[in-house]
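Every number in this text was worked out from the coordinates using simple rules, so none of it is lab data. Keep in mind that this is a model prediction, so the values were computed, not measured. For neighbour counting, all protein chains shown are included, and Cβ atoms are generated from backbone atoms with ideal geometry for every residue, glycine included.
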Amino acid sequence: MKIGILTFHNALNYGAVLQCYALQHYLQEKGHDVEVIDYRIPFIEEQKKLFSKTELRRRGFIAFLKFFIARLLAWPAWRKTIRVFYHFMVSQLHLSPRATTAADIPTGYDCILFGSDQIWSPKLCRGFDPVFWGQFEKHGARFVSYAASIGETSEFLPCKRPEVERDKPGWQQVQQRIKAFDAISVREKSFQLALQEHCGVSASVCLDPTLLVDASVFDKIAVRPEEQDYVFLFNVLDDPAASRFARLLANRLGSSVVIKGQAKPQLKSRRDKLVTLRESMSPEEFLGYIKYARCIVANSFHAIALSLVFQKECYALKSRRSGRVEGLLGSLGLADHIVAATEPVDNISSIDYKVVNERLASMRQGSAQFITSQIGK
């Protein structure tokens, strides 16, 4: 069967590109002809520009000026990031011809999988992106969402409200667009419940693709770092407290710290050889830093998910966006590995991966069954 994947494959985001890589590999291992549809999402392409008229209109002059100065100062590292992510995309993903509109989407697929990631988030996509909502001719293909997300369901207006505010989407709009799909699976339980309540639509809940595969899939491309015996901090929220937590944990373990993200100046001086800052790294290097770390500390879902795949010791930091990772770790019996960055590092407990792997295998089975039911073995 020929399958197309529509997702955020060209984002400058480790989780986005690695979940796409994992889903592609999973389907290829099942014997399918898989192609990642090279749809260049407008809001992602704007992020790769030094100067963006869209950001100017969205932010206003004063806010944009501050944004532009920050972007200008960080541009050398940002340009390197763009380059290494592009290399990953063209070398690791089987891409279709490029598409920039719904009319450009290639034909000839038996099935198109929409997802994973927040492809249905109006906040991220600056509205309801017609491509991700299947607003184009099917040409005989089945449209199936896999672990798709809409972001925060609380941001949507109820269907019963006839008017829809310009800056806040409504479930009525979701109800109209979701009819394009032959089968639906979503990423979050909250989204599943909201679809049923507001739209009368039944959906399955499926695993993020990074958890659908085993470590061997990522072993193939992971690059071993120069550093040894280190705690890896992926500080995606740029939280100074996260840096302090990682340093305290490293001291307890007798290790150094490698940080991808922000570190407070007092945690990294020119003479401090125990803390290494990485402004830019490729997805392959990112995998390597997780695979070979002594322990991972992160406020990122995918960093923790990949830590579990590699069977590493890890701690997820609580934040305003940690609900998803808290749900994952709770379901795996790892609630004690969810910590506040301000907590003292007193109790360091090891993960019993025999128990974790048994629970994860059961969760994988349910997601695999959904895929098989929609596209076959």
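Stretched out fully, how many nm does the piece from Ala74 to Glu29 gain, at 0.36 nm a residue minus the Cα gap?
Difference between extended and current length: 12.2 nm.
I'd like the distance between the alpha-carbon centres of the range 272-295 and the range 19-35, rounded to an integer number of Å.
Measuring centre to centre over Cα atoms gives 27 Å.
Run the paramagnetic zone check for Asp104: 7 angstrom along Cα to Cβ, then residues of the range 111-139 with backbone nitrogen under 18 Å.
The answer is 125-126, 129-137, whose backbone nitrogens lie closer than 18 Å to the label point.
Using only alpha carbon pairs under 8 Å that are at least six residues apart, calculate the relative contact order of the range 267-349 and give it in whole percent.
It comes to 20 percent, rounded to a whole number.
State the extension gain, in nm to one decimal, for the chain segment bounded by Lys318 and Glu152, taking 0.36 nm per residue of separation less the distance between their alpha-carbons.
Result: 58.0 nm gained on full extension.
Given a cut-off of under 8 Å on Cα pairs at least six residues apart, what relative contact order in percent is computed for the range 219-377?
Reported as a whole number, the value is 22 percent.
For the chain, set up a Gaussian network in which alpha carbons nearer than 10 Å are linked by springs, and say which option among Arg321, Arg247, Arg58 fluctuates the most.
Ranking Arg321, Arg247, Arg58 by mean-square fluctuation puts Arg58 first.
Do you know the relative contact order of the chain, to the nearest whole percent, from alpha carbon pairs under 8 angstrom that are 6+ apart?
14 percent
At a Förster radius of 41 Å, what calculated FRET efficiency corresponds to the Cβ-Cβ distance of Arg58 and Ser202, to the nearest 0.05?
0.70
Pick out which of Leu211, Leu237, Leu306 has the largest mean-square fluctuation in a Gaussian network model of the chain, springs linking Cα atoms closer than 10 Å.
Among Leu211, Leu237, Leu306, the largest GNM mean-square fluctuation belongs to Leu237.
Quick one: which of Lys53/Lys123; Lys260/Lys291; Lys53/Lys318 span more than 24 angstrom between C-alpha atoms?
The pairs that break the limit, which is 24 Å between Cα atoms, are Lys53/Lys318.
Shape call for the range 220-346 from the C-alpha gyration tensor, a ≥ b ≥ c root eigenvalues: rounded (a/c under 1.5), prolate (a/b greater than b/c) or oblate?
It is oblate, given that a/c is not under 1.5 and a/b is not larger than b/c.
Enter the Cα centre distance for the pair the range 167-245 and the range 308-377, rounded to the nearest angstrom.
Between the Cα centres of the range 167-245 and the range 308-377 lies a distance of 13 Å.
Can you list the HN-Hα couplings for the range 344-351, worked out from phi with the Karplus curve (6.51, -1.76, 1.60; θ = phi - 60°), rounded to whole Hz and with x for Gly and Pro?
The phi angles translate into x, 8, 9, 10, 9, 10, 8, 8 Hz.
May I ask you to derive the FRET efficiency for Gln365 and Val223 from their Cβ-Cβ distance with R0 = 41 Å, giving the value to the nearest 0.05?
Rounded to the nearest 0.05, the efficiency is 0.85.
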